[in-house]
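Enquirer: My questions all concern the structure below.
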Amino acid sequence: MSMNLDEEMKALKKIGSDGASLPSPQKMAMITAAALDQAATSTALTLFNDKTYIKLTDLSGMNQLEQDRILNELILAGIIVIMLTLEAPDLRTRHDLKEYFRLLKDEVPKAHLTQLKELGIEKKHIKLWKKLIEMRYDEYVRERLDARSAAMEYESQEKPLTAADLDGIHMYLPAFTVAVGCHHHIFRGKTEGYDLAFKYLMKKLSRFYVTVRATLEGGHLTPVNRARVLARHFINDVKDWWEIGRAGKS
């Protein structure tokens with residue numbers, strides 16, 4: 001079903017001030033899914049046009065077809081991050097919202113297909129997008145266990161893992177899982193020499209994941225998790241600045 005997201009959001013803001021009743025859970029899920037899909041697409045476009053990411057991936061040297069394929073993979077990554085976050089077992093929210101989140105997870109792919117239809121994309125390409133979303137979701141769900149092991153290995157390269165590190169890995173697993181798969185697809189499995197590109201993608205997807213998660217949890221993380229998020233981002237920024245600078249000199 002087509003909808004004007006801006007108009008729907010304006011209507012929601014009026015609720016409570018004029019005595020209007022809340023939309024049905026189904027309608028609320030559709031509105032929220034459209035907003036989340038818009039955020040995923042915006043995040044993908046921002047990264048795709050990021051000068052640092054363009055340099056790290058040699059994106060500017062690729063032909064238009066390859067560039068379009070990579071943008072599609074980045075959009076898919078954002079959509080799947082949202083879906084995996086909605087089904088995360090440690091998501092801190094009221095128990096009565098669990099069923100709504102299951103409904104919302106199913107609406108997110110539909111929201112993207114609706115957006116493509118409104119943009120005038122041909123039906124055959126929309127069907128392909130539907131299949132791609134299903135394929136990437138199934139793939140990344142299967143790879144979660146392997147991704148956890150890879151994340152532990154990745155994080156233990158510089159120091160022994162602590163209990164706090166393991167908690168952090170668990171919390172970030174949706175973002176890490178998708179980042180690994182997305183990076184693999186972007187380079188068609190030929191990822192050697194693109195470690196910095198992966199780290200940059202991981203950083204951006206992690207921040208998107210935290211934003212989505214905080215929104216779903218009512219706009220907050222636990223104080224411990226928020227401190228861990230901020231510390232991790234600061235440390236990763238310092239590492240990235242140093243490594244990217246070193247790569248630029250070589």
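Enquirer: When the stretch 36-66 is examined, which residues are found to be touching a Leu at 6+ places or on another chain (Cβ under 8 Å), without any contact (Cβ under 8 Å) to a residue 60 or more places away in the chain and buried (at least 16 other Cβ atoms within 10 Å of the Cβ)?
Expert: ALA44, PHE48
Enquirer: Continuing with the same structure: Filter the stretch 107-120 down to residues that are loosely packed, with under 13 Cβ neighbours inside 10 Å and free of Cβ contacts under 8 Å to residues at least 40 places away in the same chain and give me whichever is nearest to LEU216 (Cα to Cα). Let's see the steps before the verdict.
Expert: Of the stretch 107-120, the ones loosely packed, with under 13 Cβ neighbours inside 10 Å are 118-120.
Going one step further and asking which of them are free of Cβ contacts under 8 Å to residues at least 40 places away in the same chain, we end up with 119-120.
Numbers: LEU119: 28, GLY120: 31 Å.
Step by step, filter the stretch 107-120, then rank; the result is LEU119.
Enquirer: Yes or no: LEU145 touching a residue at least 40 places away in the same chain (Cβ under 8 Å) and either hydrophobic (A, V, I, L, M, F, W, C) or closer than 20 Å to ALA40 by Cβ (or both)?
Expert: Details: touching a residue at least 40 places away in the same chain (Cβ under 8 Å): no; either hydrophobic (A, V, I, L, M, F, W, C) or closer than 20 Å to ALA40 by Cβ (or both): yes.
So LEU145 does not fit the description; no.
Enquirer: Identify, please: which residue in the stretch 188-244 is modelled with pLDDT under 90 and part of a loop (DSSP other than H, G, I, E, B) and is, among those, farthest from ILE80 (Cα to Cα)?
Expert: So the residue we want is THR222.
Enquirer: Say we look at the stretch 151-166 and pick out the residues that are among the aliphatic types (A, V, I, L, M) and touching a residue at least 12 places away in the same chain (Cβ under 8 Å); which of these is surrounded by the most Cβ atoms within 10 Å (Cβ to Cβ)? Spell out how you get there, then give the answer.
Expert: Quick first cut of the stretch 151-166, residues among the aliphatic types (A, V, I, L, M) only: 151-152, 161, 163-164, 166.
Next, from what is left, pick out any that are touching a residue at least 12 places away in the same chain (Cβ under 8 Å): 151-152, 164, 166.
Numbers: ALA151: 23, MET152: 13, ALA164: 11, LEU166: 14.
Per the criteria, the residue is ALA151.
Enquirer: Based on this model, can you work out whether ILE133 counts as surrounded by 18 or more Cβ atoms within 10 Å (Cβ to Cβ), among the β-branched types (Val, Ile, Thr) and in contact with a Leu (Cβ under 9 Å, 6 or more places away or on another chain)?
Expert: Details: surrounded by 18 or more Cβ atoms within 10 Å (Cβ to Cβ): yes; among the β-branched types (Val, Ile, Thr): yes; in contact with a Leu (Cβ under 9 Å, 6 or more places away or on another chain): yes.
Judged against the criteria, ILE133 is a match.
Enquirer: Checking LEU91 against (1) closer than 17 Å to MET171 by Cα; (2) surrounded by fewer than 13 Cβ atoms within 10 Å (Cβ to Cβ); (3) hydrophobic (A, V, I, L, M, F, W, C), only one condition comes out false. Which one?
Expert: Result: LEU91 passes all but (2).
Enquirer: Here's another thing I want to ask about it. Looking at (1) in contact (Cβ under 8 Å) with a residue 24 or more places away in the chain; (2) under 22 Å from THR211 (Cβ atoms), find the lone condition where ILE169 falls short.
Expert: (1)
Enquirer: Now for a different question. Tell me which of these LYS51 doesn't satisfy, since it passes every other one: (1) at pLDDT 95 or above; (2) in contact with a Phe, Trp or Tyr (Cβ under 7 Å, 6 or more places away or on another chain).
Expert: (2)
Enquirer: Another question about this same structure. Could you tell me whether ARG148 is surrounded by 15 or more Cβ atoms within 10 Å (Cβ to Cβ), modelled with pLDDT of 90 or more and either within 20 Å of the chain's Cα centre (by Cα) or among the charged types (D, E, K, R) (or both)?
Expert: Working: surrounded by 15 or more Cβ atoms within 10 Å (Cβ to Cβ): yes; modelled with pLDDT of 90 or more: no; either within 20 Å of the chain's Cα centre (by Cα) or among the charged types (D, E, K, R) (or both): yes.
When the stated conditions are applied, ARG148 does not pass them.
Enquirer: Can we say LYS131 is farther than 24 Å from LEU56 by Cα and of a type outside the set (Val, Ile, Thr)? Quick ask: steps written out before the conclusion?
Expert: Values: farther than 24 Å from LEU56 by Cα: yes; of a type outside the set (Val, Ile, Thr): yes.
When the stated conditions are applied, LYS131 passes them.
Enquirer: So, in the stretch 172-210, exactly how many residues are β-branched (Val, Ile, Thr) and touching a residue at least 40 places away in the same chain (Cβ under 8 Å)? Even if it seems obvious, please write down each step before you answer.
Expert: Initial filter on the stretch 172-210 (β-branched (Val, Ile, Thr)): 177-178, 180, 186, 191, 210.
Adding the requirement that they be touching a residue at least 40 places away in the same chain (Cβ under 8 Å) leaves 177-178, 186.
Within the stretch 172-210, residues that are β-branched (Val, Ile, Thr) and touching a residue at least 40 places away in the same chain (Cβ under 8 Å) number 3.
The values are calculated or read from the model by the stated rules, or taken from the named source; none is laboratory data. Since the structure is predicted, the reported quantities are computational estimates derived from the model, not experimental observations. Glycine also receives a Cβ, built like all others from the backbone with ideal geometry; neighbour counts cover every protein chain displayed.
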